[in-house]
Amino acid sequence: MTTKANSIVKPLSAVSMPVSMDKTLFRFKRVGESFVQKVLPALIVGFLLILIWELLTSSQSATLPSPSRVVTDTWELIINPFYNNGGTDVGMGWQILASLERVAYGYSLAVIAGISLGVLVGQSTWAMRGLDPIFQILRTVPPLAWLPISLAAFQDSNPSAIFVIFITAIWPIIINTSVGVRNIPEDYRNVAKVLSLNGYEYFTKVMLPAAAPYIFTGLRIGIGLSWLAIVAAEMLIGGVGIGFFIWDAWNASMISDIVLALVYVGVVGFLLDKFIGFISNLVTRGTSN
Amino acid sequence: MSKHYLSIEGVNKVFGQGNKQSCVLKNVNLHIEKGEYISIIGHSGCGKSTVLNIVAGLLPATDGVVILDGKEVNSPGPDRSVVFQNHSLLPWLTVYENVALAVNKTFKKTKTAKERHEWILKSLEMVHMSHALDKRPAEISGGMKQRVGIARALAMEPKVLLLDEPFGALDALTRAHLQDEVMKIQAEINSTIIMITHDVDEAVLLSDRIVMMTNGPEATIGEILEIDLPKPRNRIEMADNPKYNRYRQAVLRFLYEKQRKVEVLVSAEKPKPAQASLKKAASA
């Protein structure tokens, strides 16, 4: 009661200062709260897991290095992510970037081809009947099984790796796009008919936005699969790249390097997924009813 | 050629093929003059929407023709714009953009960009939605969405405006409000309107003529009731108007006595005798 009376009596200018300070304070408090609620549990669990790992691998007879061993062994690699000694002896940053470059090529091609084929299959019943069985069979072929065939076809390791990415990422994109196109509500099709939209207008103004949530689901699965496939493919084709780095480390019995590489692979895969999710949110904002 | 503005001549509609064929519409004939407000009323499943879809060109008629202003209708087009029951606004476009899509497409060649912009604003003003130009459909109420749907259809300056149960999904108060709005707009621009409805009051209040359809299958036009009440009509005054009530009664009588709807329960093993006799009475 008294506070209420006070605030009414106060002149406006006197009130404005504490209010703005309250606001910043409030914001800090909110950020702090969300940190406690969302980030802290992950940190605690992560810390516990590392602790368990440390305990399990602390004995002399342990076959795997403990976390502290990993850090001391790989300290040079951690602090110098971008050194370049020529050949495949380059920093982790370069290795990751080389892998990302392959993924970028293969995935971009998969996006273009996948969305186009998905639209075709979604629009035309005939195309669906013709192509869908083939897609269903081909998509079950494991990514690495494509590698020998693509090596034979391209006679070069780099395009082969890109092809493996392409063929891995394309299936979820095709399938989700076609489902999205097939599920465009009849109402929107009728609206397009009444407005007499032509094919191009229908494609850009109705079909793509209506199917966007589905398409992005496919894109998100696709990027995850391509990142999975690149590590495996690079192990076989060699050259600069995180996959071959792991294989190389295994051959040199540097298990700590492998652990570090796995951390990099995991973090980059996570970031790729978040990146596509972020774009998806930007693009599909407002498409849901 | 027919001298009516819009003629529906001997339209039949059969769905399915072979043994599964079902004749939904049988010999539907209707003539509509320019500026008329026609309501089509009937029980659900009687093919009202099929008639509208055939006029819109969204469905082809099995037999018969629809002639609008001397030209046969055989595909959808902006001269017969439709207001759909569930508004059918594109959710990724704002209110303005939804109407703009229709206007920019329809008047691409006949109006400059500035004229089109003004026309979009004017159309939205007509339904009192100028305050929500940049809102997306998800951010506005059901009644507002339907207003935008009406604005979109009107903005195309159609020869005939087709309303497919336009107020069916709205609550009673919003519905009354929008009915008044449509009456006002129709008085203003004198558009030709065909409205599908199952609301008797709505039909009597808004229409010049009410087309009452018999029950399907093989539904056709049962009776046409001319509503000879002066416009503009006021729903409150009409409640006391004996003529209005007589019209209302006539429609009710048609729907609930002559065309009493009998739901045949598929789950029942044998049709009960009482039901069977009712069905006979209805079809007689």
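The values are calculated or read from the model by the stated rules, or taken from the named source; none is laboratory data. Small disclaimer: the values here were computed from a predicted structure and weren't measured. Note: ideal-geometry Cβ built from the backbone for every residue, glycine included; neighbour counts use all protein chains shown. For the accessible areas, the whole protein counts, side chains as well, though only heavy atoms, and no ligand, DNA or RNA atoms are used. Shrake-Rupley method; radii C 1.70, N 1.55, O 1.52, S 1.80 Å.
Restricting attention to the range A:241-253, the residues being surrounded by fewer than 20 Cβ atoms within 10 Å (Cβ to Cβ) and touching a Ser or Thr at 6+ places or on another chain (Cβ under 8 Å) number 1. Within the range B:10-34, residues that are at negative phi reach partners that are of a type in the set (Lys, Arg) and open to solvent by less than 40 Å² (accessible area, probe 1.4 Å) with beta carbons closer than 7 Å, at six or more positions or on different chains, in the pairs B:VAL24/B:LYS13; B:LEU25/B:LYS13.
Inspect the range B:120-140 for any residue being of a type in the set (Ser, Thr, Tyr), surrounded by fewer than 19 Cβ atoms within 10 Å (Cβ to Cβ) and more than 14 Å from every other protein chain (Cβ to nearest Cβ) and give the result as yes or no. Yes, because at least one residue in the range B:120-140 is of a type in the set (Ser, Thr, Tyr), surrounded by fewer than 19 Cβ atoms within 10 Å (Cβ to Cβ) and more than 14 Å from every other protein chain (Cβ to nearest Cβ). Quick one: which of A:SER150, A:SER116 is buried (at least 18 other Cβ atoms within 10 Å of the Cβ), free of Cβ contacts under 8 Å to residues at least 40 places away in the same chain and farther than 30 Å from B:VAL82 by Cα? Being buried (at least 18 other Cβ atoms within 10 Å of the Cβ), free of Cβ contacts under 8 Å to residues at least 40 places away in the same chain and farther than 30 Å from B:VAL82 by Cα holds for just one of A:SER150, A:SER116, which is A:SER150.
Could you please let me know if A:SER99 is in a helix (DSSP H, G or I), touching a Ser or Thr at 6+ places or on another chain (Cβ under 7 Å) and polar (S, T, N, Q)? For A:SER99, the condition - in a helix (DSSP H, G or I), touching a Ser or Thr at 6+ places or on another chain (Cβ under 7 Å) and polar (S, T, N, Q) - is not met.
Give the residues of the range B:203-226 that are open to solvent by less than 10 Å² (accessible area, probe 1.4 Å) and in contact with a helix residue (DSSP H, G or I) (Cβ under 9 Å, 6 or more places away or on another chain), sorted by residue number.
B:ALA203, B:VAL204, B:LEU205, B:LEU206, B:ILE210, B:VAL211, B:MET212, B:MET213, B:ALA219
The residue that is least open to solvent (accessible area, probe 1.4 Å), among those in the range A:65-85 that are more than 21 Å from A:TRP53 (Cα to Cα) and in contact with a helix residue (DSSP H, G or I) (Cβ under 8 Å, 6 or more places away or on another chain), is A:LEU77. Scanning the range B:91-115 for residues that are within 14 Å of chain A (Cβ to nearest Cβ), in a helix (DSSP H, G or I) and not small (Gly, Ala, Ser) turns up B:VAL95, B:TYR96, B:GLU97, B:ASN98, B:VAL99, B:LEU101, B:VAL103, B:ASN104, B:LYS105, B:THR106.
Filter the range B:141-174 for residues that are in a loop (DSSP other than H, G, I, E, B) and open to solvent by 30 Å² or more (accessible area, probe 1.4 Å) and give the result. Walk me through how you get there before you give the answer.
Within the range B:141-174, the first condition is being in a loop (DSSP other than H, G, I, E, B), and the residues that meet it are B:141, B:156-159, B:165-171.
Within the range B:141-174, B:SER141, B:GLU157, B:LYS159, B:GLY168, B:ALA169, B:ASP171 qualify.
The listed residues are B:GLY10, B:GLY42, and the only one of them that is closer than 19 Å to B:ILE194 by Cα and surrounded by fewer than 20 Cβ atoms within 10 Å (Cβ to Cβ) turns out to be B:GLY10. Of the residues making up the range B:176-202, those that are more than 13 Å from B:PRO166 (Cα to Cα) and outside any helix (DSSP H, G or I) are B:ASN190, B:SER191, B:THR192. Number of residues in the range A:150-182 that are part of a helix (DSSP H, G or I) and either over 27 Å from the mean Cα position of the chain (by Cα) or within 14 Å of chain B (Cβ to nearest Cβ) (or both) equals 4. Residue count for the range A:183-232 satisfying the condition of being surrounded by 20 or more Cβ atoms within 10 Å (Cβ to Cβ), more than 9 Å from every other protein chain (Cβ to nearest Cβ) and charged (D, E, K, R): 1.
Sort out which residues of the range B:67-104 are among the hydroxyl-bearing types (Ser, Thr, Tyr) and more than 30 Å from B:ASN29 (Cβ to Cβ), and write them in order of number.
Within the range B:67-104, B:THR94, B:TYR96 meet the criteria.
Return yes or no: is A:SER68 of a type in the set (Ser, Thr, Tyr) and under 19 Å from the mean Cα position of the chain (by Cα)? So A:SER68 fails the test.
Residue count for the range B:49-82 under the criterion of being open to solvent by less than 30 Å² (accessible area, probe 1.4 Å) and either assigned to a helix (DSSP H, G or I) or more than 10 Å from every other protein chain (Cβ to nearest Cβ) (or both): the result is 10. For the subset of the range B:13-39 comprising residues that are among the charged types (D, E, K, R) and buried (at least 18 other Cβ atoms within 10 Å of the Cβ), which member is farthest from B:VAL251 (Cα to Cα)? So the residue we want is B:LYS13.
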